[in-house]
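Enquirer: Once you've had a glance at the structure underneath, I'll fire off some questions.
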Amino acid sequence: MKENDGEGQVPYCKTCEMFRFPIFSTAISTAVLNREMNKILLIQQYNRPDYILLAGYVNKGEDAETTLIREVKEEVGFYIIAYEYMRSLYFAPSNTLMLNFIGVADSEDLSQMSAEVDHAEWFALEEAAEAIKKSSLAETFLLAIIEKLNAGRVQVNPVAVGGSV
């Protein structure tokens, strides 16, 4: 450990004379909403009974918004037509910084769901709050999103033509 101006004590390698900042994974999670923004898609994965938000890791060279669009398309077959960044939280069990979004889907048709998802279901806002895995990061994100939706404070940004941000 060595003092780094303004950063405090940081791991330091005497051999290469460089600071070694902590390394962690980065992922997105999203509450996928229908166009009317009155339903939320929750999924079940990995043979677990719990409903969670759709999520996925950010690939090297990819920004979070591109990950959002890619993951939703890969897992449930929807195009994201608008989104809003919400907040980030660190998830210690997997050493991952989770970046949470609201994503508005182009459809409610679940026929294009991938094998990565065991089950997906649309829920009314309050039903989603009841169904989500309790005491989870997904629940923390979801409850904040529902509160913002109910207060009319959601301001989604349209995705550019061609699905780029």
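Enquirer: Quick check for me: using +1 on Lys/Arg Cβ and -1 on Asp/Glu Cβ, what's the dipole size of segment 46-165 about its Cα centre, in debye to the nearest 20?
Expert: Computed about the Cα centre, the dipole is about 440 debye.
Enquirer: In addition: Provide the packing ranking of 91-97, 74-80, i.e. peptides ordered by the mean count of other C-beta atoms within 10 Å per residue, highest first. Don't skip to the end; give the middle numbers.
Expert: Working: 91-97: 12.1, 74-80: 19.9.
In decreasing order of mean packing, 91-97, 74-80 become 74-80, 91-97.
Enquirer: For the chain, take the longest principal axis of its alpha carbons; what is the angle in degrees between that and the long axis of helix 64-76, to the nearest 10 within 0 to 90?
Expert: Relative to the chain, helix 64-76 is tipped by roughly 40 degrees.
Enquirer: Okay, moving on. Place +1 on the Cβ of every Lys and Arg and -1 on the Cβ of every Asp and Glu in the chain, take the dipole about the Cα centre, and give the residue among C16, L137, V72 whose Cα lies farthest towards its positive end.
Expert: Going by the charge dipole, the pick is C16.
Enquirer: Ignoring ligands, DNA and RNA, what accessible area per residue does the chain give at 1.4 Å, in Å²? Don't skip to the end; give the middle numbers.
Expert: On the way: 9340 Å² over 165 residues.
Here the per-residue accessible area is 57 Å².
Enquirer: Still on this model: Note down the net charge around F123, summing +1 for each Lys or Arg and -1 for each Asp or Glu among other residues with Cβ under 12 Å from its Cβ.
Expert: Local net charge: -4.
Enquirer: Relative to the first principal axis of the alpha-carbon coordinates of the chain, what is the inclination of helix 137-150, with its axis defined by its Cα atoms, in degrees from 0 to 90 and to the nearest 10?
Expert: 60 degrees
Enquirer: Once all Cα-Cα distances of segment 25-82 are split into 5 Å bins that start at 0, what whole-number percent is in each one?
Expert: 4, 18, 28, 25, 17, 7, 1
Enquirer: Which percent of the accessible area of the chain is formed by carbon and sulfur heavy atoms (probe 1.4 angstrom)?
Expert: 51 percent
Enquirer: Right, next: Calculate for the chain the 222 nm mean residue ellipticity that helices alone would give, adding -39,500 (n - 2.57) per DSSP H run of length 4 or more and normalising by residue count, nearest 500 deg cm²/dmol.
Expert: Only helices count here, giving -6500 deg cm²/dmol.
Enquirer: Among bridges DSSP assigns within the chain, what percent are antiparallel (round to 5)?
Expert: For the chain, the DSSP antiparallel bridge percentage is about 75.
Enquirer: Over the Cα atoms of the chain, compute the convex hull volume and normalise it per residue, giving Å³.
Expert: Working: hull volume 25.6 nm³, N = 165.
Hull volume normalised by residue count: 155 Å³.
Enquirer: Indicate, rounded to the nearest 5 percent, the antiparallel portion of the DSSP beta bridges found entirely in segment 8-106.
Expert: Antiparallel bridges: around 70 percent, rounded to the nearest 5.
Enquirer: Next question. T26 to S114: extension gain in nm, 0.36 nm per residue of separation minus the Cα-Cα distance?
Expert: On the way: separation 88, 0.36 × 88 = 31.68 nm, distance 2.23 nm.
This chain segment gains 29.5 nm when fully extended.
Enquirer: Mind ordering 143-156, 54-67 by average Cβ neighbours within 10 Å, highest first?
Expert: Final packing ranking: 54-67, 143-156.
Enquirer: Considering lysine pairs in the chain that are 8 or more places apart or on different chains, how many have Cα atoms under 29 Å apart?
Expert: Lysine pairs meeting both conditions in the chain amount to 13.
The values are calculated or read from the model by the stated rules, or taken from the named source; none is laboratory data. Predicted model only: the values in this text are computed from it and were never measured. Don't worry about glycine lacking a Cβ; one is built from the backbone with ideal geometry, like all the others, and counts go over all protein chains shown. Please note that ligands, DNA and RNA were not included when accessible areas were found on the heavy atoms of the full protein model with its side chains. Shrake-Rupley method; radii C 1.70, N 1.55, O 1.52, S 1.80 Å.
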